[in-house]
1. When H88, H191, H68 are ordered from fewest to most other Cβ atoms inside 10 Å of their Cβ, what list results?
2. Using a Förster distance of 30 angstrom, determine the FRET efficiency expected from the C-beta separation of E125 and K210, and round it to 0.05.
3. Order these by the 10 Å Cβ neighbour count, fewest first: M193, M165.
4. Which cross-chain or sequence-distant (5 or more) residues have an amide H under 5 Å from the amide H of I157, H modelled 1.01 Å from N in plane?
5. Among S161, S136, which comes first, second and so on when ranked by fewest other beta-carbon atoms within 10 Å?
6. Spin-label point model (7 Å from Cα, Cβ direction): what's the A72 to N97 distance in nm?
Amino acid sequence: MNITRRQCLQAALVVIGLVFLSLPILMAVWPSGWIWLPRQTEYEQMMIGVYGMAFMEQLAPSYKEVNHCIDAICSSLRISVDDLLTSHNPVIVNTGNSFLIVPLKDEKAILDAHADLDEIQRISEEFDLIGYYIFSQKTRVPGRDAATRMFAPRYGISEESATGMAAGPLACYLYDKMGINKDTFLIEQGHLMEPPSPSVIKVQLKLKDKKIFRLIAGGKAKVMKSIII
């Protein structure tokens, strides 16, 4: 049987991938070869994140109120002010990049949102945003913290199925602005797209004296369909 160079490469990539996906096991059974001594768990998380999933470290958050623009923000999503979560307004959150976090009252409000991409781009340019991250606390899977959609027409993205750099700011908003006192958040994204392209993003907040000083966001997406072109 003739084995081509491409087949050899495919086999090698599979083996290498399996090794890195097994990093937690390797760290447990062979600590001298796979962990730092003295123990530095941040590096271990980084290795697992880089080789087993999409991973991003982000900075401590800063916030900017945009209460004077709420009507324009709602108009750009074709929703009513009544669709916003009671007692919580949109806020710009920056953890290295700026996103407009928009809290909505339920899943229906998220589904009903129809992005006016030109208007979202205009507002994004005015405030130097990557884009909008709209969310509801009503999730498809129990135990998760938010269901989301992301729009970033300023960067040519009409909608995205998984955005770790936006999930980080949302987790900070949930912790600082909504008083959800936990350090790990699970964020759904892509479930409400058409067609669905579901993902779940895990955000870990690093706290000191109950204040966020940095965070890590990462996750895995689910392949719904593949095509050959």
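No lab work stands behind these numbers, since they all come straight from the coordinates. Owing to the predicted nature of the structure, the values given are computational and were not obtained by experimental measurement. For neighbour counting, all protein chains shown are included, and Cβ atoms are generated from backbone atoms with ideal geometry for every residue, glycine included.
1. Working: H88 15, H191 20, H68 7.
Ranking H88, H191, H68 by Cβ neighbours within 10 Å, fewest first, gives H68, H88, H191.
2. Numbers: r = 35 Å, r/R0 = 1.17.
Approximately 0.30, to the nearest 0.05.
3. Values: M193 15, M165 18.
Placing the least packed residue first, the sequence is M193, M165.
4. Placed amide hydrogens put A152 under 5 Å from I157.
5. Numbers: S161 18, S136 23.
In order of increasing Cβ crowding within 10 Å: S161, S136.
6. If labels sit at A72 and N97, their model points lie 2.3 nm apart.
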